1. Taking Cα centroids, how far is segment 313-358 from segment 190-211 in Å?
2. Any number yet on Rg/Rh for segment 182-262, C-alpha, Kirkwood?
3. Could you grab the relative contact order for segment 511-628? Cα pairs under 8 Å, six or more apart, rounded to a whole percent.
4. Taking the Cα centre of the chain as the origin, how large is its charge dipole in debye, to the nearest 20, when only Lys and Arg (+1) and Asp and Glu (-1) carry charge on their Cβ atoms?
5. Which order do peptides 543-554, 7-18 fall in by mean Cβ count within 10 Å, highest first?
6. So which helices of the chain fit the span-like rule, where a helix is a whole DSSP H run, its Cα atoms reach 27 Å or more along the axis, and its mean Kyte-Doolittle is at least -1.0?
7. Between their Cα atoms, which of Lys287/Lys360; Lys2/Lys304; Lys2/Lys108 are more than 28 Å away from each other?
8. Does segment 518-629 classify as rounded, prolate or oblate by the C-alpha gyration tensor (a ≥ b ≥ c root eigenvalues; a/c under 1.5 gives rounded; else a/b over b/c gives prolate, otherwise oblate)?
Amino acid sequence: MKHILVGTAGHVDHGKTALIRALTGIETDRLVEEKSRGITIDLGFAHMTLPGGETVSIVDVPGHEKFIKNMLAGAGGIDLVLLVIAADDGVMPQTREHLDILQLLRAKDGIIALTKCDLADEEWQSLVCEDIRTAVADTFLQDAQIIAISSHTGQGIEQLKSIIQDKVKQISAKDIKLPFRIPVDRVFSAEGFGTVVTGTLIEGTLNQGDEIMVYPIGKPVRVRNIQVHGKEAKTAYAGQRVAVNISGIRREEITRGHVLAPVDTMQPTRMLDVKLSLLKDSPRKLKSGSRLHFHYGTHNVLCKAALMGADELLLGQTGYAQLRFTEDVAVKSGDSFVLRYYSPMETVGGGVVLNTAPKKHRKVRAEATIKALESLELGDIGTQITQAIRSLGGIARLDELKKRFGLEQAHWDNEIEVIKNSSQIIFLGKQEVIDDATLESIESRLISLLKAYHKEHPLYEGMRKEELRSRILPEHRPAIFEKLLCQINSHPLRVSDRLVALSDFTITYNESQQKIRDLIYSRIKQGGYTPPSIDELLSPNKKTAEVVFDAMLAEGVIVSTEPGIVFADIIVQQAKSILDDLLAQWDEGVTLAQFRDATGTSRKFALSLLEYFDRSGLTRKVGDVRILR
């Protein structure tokens, strides 16, 4: 079943509240001041059962220019607009401003109610209708029906109900599979229940008992009870007006403008990348750096607008901008918003959110930034996900990224699978991914770094892995860097526990280093199974000899069986052959003494070799003997 929200709009004292009373029998003005002054100050709510049996929710908004902020709090999520214009007054300033606001919020359909027709003759009504058609030209209401109504006499009320029912049939149902969202428009305490919030469920499904979150403050709460149109409900659906009794939070902690949503489905931010549109009849142009009121959902926050690629926007122009806020906001990509000037508070424009977690843009990169924002605006969900990854530096966690989009899990998984199969993203772990362009850039930098390192250090086997990570991916965990190394394809790497090198790199000695190398190798080889000490090997030119010695270890021409003991590679191979022969001769295993006697060395060196063979996986010790592993 579809759940539809109908919302009023129009100038003060044009009969919006009286019209709702005539339609529903419900008085939406609840404040004492509203009743004493005879004007709506804050949001009012009602519901109505249509002739066909459908129930629609109705929100009544104030029309006075001083209460535009409250009007904006109720204008989001409206499916069907009732633009109310008094026949005796015609189109007035707030008629136009409300229409502009609804246009900016991407309202799609509506009806024009020409109220107070009992106070104007037909000729005057005809003139007012002509004025209305001029006012709504090129808006979502340009083809809307105009219904002559008198809430006092009842004229047109039944006809309006019938038209609303026809419109409801044409309106598409909201997606109830998305993670739910409720922008809070009222908070109060009820005796015996505690904290209660009201709002319009703009998407998804809410269930009694759900563990949810209050954004942007990040406060976890639980749904104790739900009411829809004053009746208890186990479940509420997108499009319905709801009252939600929540536990785990005090009345003072939550306010109008907060958002209820599932845990970890939104990402509070202080910056947004947006597409802006300035009204054609905006009272002023918009300069980069302007202070503005940002209205979204039921809240408004102060911000500064940093325009991309321009110093100002003129009337009727569109452009990209980064909005920077004085406090956290909780929105999703694709959300609409309205901008009002800081002072005086006049509606100047609005737009749509493109990126909810951008980096701070610099003007020098405006062209690249605009290109990325164009992709976000025009691209499909997969393109938007890829661009979002790039905006986070090219590597992101999918569970964090998902909060931006608010997609149902199956839809999200499908989008990720598609861009993965198209090689636009590569997994570096269960959740971490890197986009293809970032991987290509990192790969190029990494290869260049290694080439420069090998040129500067021709005797070093490779660059320390941690040093390389600190220069390539300092902000990411070593495990992510390990996975990234496995993705390098343009130039194969040689990776060990500690070092990284290009696979075609070989240690290269200059003439003097080669002489030292030959001398060290000759001494070790001559020592056989009783090699000289390292101090003897490195004298007399210890500093240079140490570098050559380390390079020889990396080459594998000498083998360290334990700290302080080094054999020539050929000697280690001979020792292995001797051990193989002994193992073949003695089925019960080979003792240390047997191996010592066979190699003609001391117990110290024989034991060092045997323990090296144990670590290498050739043998294992069982009691006092070695056997084949």
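1. Measuring centre to centre over Cα atoms gives 29 Å.
2. Numbers: Rg = 11.0 Å, Rh = 12.2 Å.
Using Cα coordinates only, the ratio equals 0.90.
3. Details: 131 pairs, mean separation 26.6, N = 118.
The normalised contact order for segment 511-628 reaches 23 percent.
4. 1540 debye
5. Numbers: 543-554: 16.9, 7-18: 25.2.
Those peptides, ordered most packed to least, come out 7-18, 543-554.
6. Numbers: long enough: 436-456 (30 Å, -0.29).
Sorted by number, the helices that extend far enough and score high enough are 436-456.
7. On the way: Lys287/Lys360 18 Å; Lys2/Lys304 39 Å; Lys2/Lys108 16 Å.
Check vs 28 Å cut-off fails for Lys2/Lys304.
8. Values: a/c = 2.55, a/b = 2.25, b/c = 1.14.
In terms of gyration-tensor shape, prolate.
Rule-based calculations on the coordinates, nothing more; no lab input. Worth saying up front: this structure is predicted, and the values here are computed from it rather than measured. Every residue, glycine among them, receives a Cβ derived from its backbone with ideal geometry; neighbour counts consider all protein chains shown.
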